[in-house]
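The values are calculated or read from the model by the stated rules, or taken from the named source; none is laboratory data. Computed from a prediction, not measured in an experiment: that's the story for all the values here. Cβ sites come from the backbone with ideal geometry, for glycine too, and all protein chains shown count toward neighbours. The area values use the complete protein model at the heavy-atom level, side chains included, leaving out ligands, DNA and RNA. Shrake-Rupley method; radii C 1.70, N 1.55, O 1.52, S 1.80 Å.
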Amino acid sequence: MTSEYSKIRRLETSKPTSLPAEAVPAEAHPESRAYLLGRGLSLGEIKFYDLHYCAGGFWSRRVIIPMYDEQGTLLAFQGRHLDDEEPRYKTQGPRPIYMPDFEAVMAGSHLVICEGPFDAFAILRAGWPAVATLGILPSPAQVDALITLAKSYQRVLIWFDTEATGEAFGLQMKLQPHIPTIVVIEPTIKDPGECDPNQIQKILGPIFEKRQKN
């Protein structure tokens, strides 16, 4: 599995970056700690994902989400604004496939592809392997990376925001020739990031069970 993931990372061409000089551990700052706890993350998750926070500077009032490879090399990071100021997300470095938890993803037989980091955090919290495309229109390099990654699984589920169902089906068409792929449609929920683990299990569990019977 490691060799397959290495193939993915060779698709990325930009140089590694470093975190902003102003960044501090997110659990140590009251603003970012309150924001992240309010979004359902535990202190353990905040530390595990190595989330940081910038109170000032270019990345002011943004939670910094680092993106590493399996050797711990920083490839890129995103900054998510606490107050939903646009753009809500800023990215430094390439736009990779974000894999927050290597062990969880590599151990699964099914993979959930979602849009954003907080979607992935929520899905992982429910016990489902998840990666994020960091947007609704994956780049050609990201699609190639997903195809390489998906070959290690029995099935792939794509769960984008409700406003991006068309883009989810577009990604399905690119993956379907390589791996059985299902688009998750749940019109009553905007995105997986707003779900608790029980809600996610109620949505994804029946899809998994139905496909297992088939």
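Would it be correct to say that GLY166 is more than 15 Å from CYS114 (Cβ to Cβ) and either at pLDDT 95 or above or in a helix (DSSP H, G or I) (or both)?
Criteria met by GLY166.
So which residues in segment 170-198 are touching a strand residue (DSSP E or B) at 6+ places or on another chain (Cβ under 6 Å) and outside any loop (DSSP other than H, G, I, E, B)?
Result: LEU171, GLN172, LEU175, THR181, ILE182, VAL183, PRO192.
Which condition breaks for VAL63 when tested against (1) touching a Ser or Thr at 6+ places or on another chain (Cβ under 6 Å); (2) modelled with pLDDT under 95; (3) of a type in the set (A, V, I, L, M)?
(2)
Within segment 17-50, which residues are in contact (Cβ under 8 Å) with a residue 24 or more places away in the chain, among the hydroxyl-bearing types (Ser, Thr, Tyr) and not in a helix (DSSP H, G or I)?
Those that are in contact (Cβ under 8 Å) with a residue 24 or more places away in the chain, among the hydroxyl-bearing types (Ser, Thr, Tyr) and not in a helix (DSSP H, G or I): THR17, SER18, TYR49.
State all residues of segment 155-182 that are closer than 18 Å to ILE123 by Cα and in contact with a Ser or Thr (Cβ under 7 Å, 6 or more places away or on another chain); if no residue qualifies, say none.
Within segment 155-182, VAL156, ILE158 meet the criteria.
Do you know which of the residues in segment 73-119 that are without any contact (Cβ under 8 Å) to a residue 24 or more places away in the chain and open to solvent by 50 Å² or more (accessible area, probe 1.4 Å) is nearest to LEU157 (Cα to Cα)?
Among residues in segment 73-119 that are without any contact (Cβ under 8 Å) to a residue 24 or more places away in the chain and open to solvent by 50 Å² or more (accessible area, probe 1.4 Å), the one nearest to LEU157 (Cα to Cα) is ALA107.
Somewhere in segment 187-194, is a residue without any contact (Cβ under 8 Å) to a residue 60 or more places away in the chain, of a type in the set (A, V, I, L, M) and in contact with a helix residue (DSSP H, G or I) (Cβ under 9 Å, 6 or more places away or on another chain)?
Yes, there is a match, as at least one residue in segment 187-194 is without any contact (Cβ under 8 Å) to a residue 60 or more places away in the chain, of a type in the set (A, V, I, L, M) and in contact with a helix residue (DSSP H, G or I) (Cβ under 9 Å, 6 or more places away or on another chain).
How many residues does segment 121-174 contain that are touching a residue at least 60 places away in the same chain (Cβ under 8 Å) and farther than 22 Å from ILE65 by Cβ?
Result for segment 121-174: 4.
For segment 54-143, which fully contained strands (runs of 3 or more DSSP E) count at least 3 residues that are of a type in the set (A, V, I, L, M)?
Result: 62-68, 74-81, 110-114, 130-132.
Would it be correct to say that ILE185 is within 21 Å of PHE121 (Cβ to Cβ) and not charged (D, E, K, R)?
No: the conditions fail for ILE185.
Would you call ILE147 touching a Phe, Trp or Tyr at 6+ places or on another chain (Cβ under 7 Å) and surrounded by fewer than 19 Cβ atoms within 10 Å (Cβ to Cβ)?
Here the answer is no, as ILE147 does not meet what is asked.
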